[in-house]
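Data block below; observations after.
No value in this document is a laboratory result; all are computed from the given coordinates. Note that the structure is a prediction, hence the values are computed from the model and not measured. We place every Cβ from the backbone using ideal geometry, glycine too, and count neighbours over all the protein chains shown.
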Amino acid sequence: MERKQFVAESSFRVDVFLSEKSGLTRSAVKKLADDGRVFLDGKPAKAGDTVKEGQTVSAEIPDPKPIKAQPEDIPIEIIYEDADLAVVNKAQGMTVHAGAGNYEGTLVNALLYRLDNLSGINGELRPGIVHRIDKDTSGLLVVAKNDRAHLSLSAQIQNKTCRREYLALLEGVVKEQTGRIITQIGRDPKDRLKMAVLPFGQGRYAETEYFVEETFAKNTFVRFALKTGRTHQIRVHAKYMGHPVVGDKLYGYKNQRFALEGQLLHAFKLELTHPTSGERMTFTAPLPAYFEHILEIVRKD
């Protein structure tokens with residue numbers, strides 16, 4: 001059994017706060033509280049109690065039952081592979097790794113079937129996963145095939161020497177041709193399913209560069225370069241610009257012009273240093289056909 005402790009950044013119900021921080025469901029948190037295993041500033045707490053900014057919530061969390069992702073014969077596009085790593089062009093609609101009751105149909109399930117080895121640093125649910133992209137975002141990500149490669153690639157991402165660039169179609173016309181967005185990003189206090197730009201001192205530092213590639217009557221085709229890798233970073237920063245990503249059901253316009261399965265956001269370029277050879281490598285992936293189709297339409301507006 002492990003005792004975990006978290007400090008609140010603002011006011012929440014204990015079950016909502018602890019669920020968000022621990023990854024447990026609210027019903028699981030309630031059961032722990034009912035069993036006397038949840039504490040607010042060291043005193044037993046109920047699930048419905050309120051935790052205020054600066055207070056500490058702790059919980060005695062039972063050791064998880066081991067769950068292991070299983071190989072599945074799912075088609076994926078591997079554009080490069082050697083003894084240390086693989087680079088995958090992930091399709092829109094595919095979740096990267098298993099979790100929260102979703103243990104099938106993920107990229108990890110496909111990788112376990114296709115590749116002989118994957119690093120074990122991130123455990124049996126996320127083997128080989130160094131970084132991720134959203135389910136409804138397409139494009140490139142690198143997978144580590146051994147722990148040494150995983151450590152090297154993770155360090156490159158942390159040190160910002162692994163360059164990741166995305167292409168997106170945004171709502172409206174972006175006036176500045178280039179720009180840099182620097183904010184703090186954290187969980188939206190009004191909607192826990194979303195991330196949001198928060199006041200400085202809250203959330204985590206997030207930095208994105210953008211470059212306008214093409215301007216249309218009602219939209220802008222933009223290239224984004226990630227300087228940090230926060231959850232939903234580009235989508236949140238695009239909304240913060242006042243130009244959300246077309247097709248984004250979470251951060252975009254309520255009434256979408258096009259019937260899309262997800263946002264028009266594609267990880268098209270990945271630059272990294274090979275963990276063994278030290279060679280600088282660059283990979284690119286063309287825009288998916290559905291993305292190109294929408295570009296053809298907006299060019300005629």
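General observations
- Given LYS21/LYS52; LYS175/LYS218; LYS21/LYS249, the pairs whose alpha carbons are separated by over 21 Å: LYS21/LYS249
- Anchor LYS300: aspartates and glutamates whose Cα lies under 20 Å away (excluding residues fewer than 8 positions away in-chain): GLU171, GLU213, GLU214, GLU292
- Rounded Å value of the spacing that divides the Cα centres of segment 159-218 and segment 232-267: 11 Å
- Only lysines eight or more places from LYS145 in sequence, or on another chain, were considered; those with a Cα closer than 24 Å are LYS68, LYS90, LYS135, LYS160, LYS269.
- Only alpha carbons enter this Debye calculation for the chain, each as an equal point scatterer, and the log10 of I(q)/I(0) it gives at q = 0.08, 0.11 Å⁻¹ is -0.41, -0.77.
- Overall Cα dimensions of segment 90-205 - principal axes, largest extent first, Å: 48, 33, 30
- Dividing the summed helix terms, -39500 (n - 2.57) for each DSSP H run of n ≥ 4, by the number of residues in the chain produces a 222 nm estimate of -5500 deg cm²/dmol to the nearest 500.
- For peptides 291-297, 242-248, sequence by mean Cβ density within 10 Å, most packed first: 242-248, 291-297
- Relative contact order (%) - criterion: Cα under 8 Å, at least six apart; region: the chain: 14 percent
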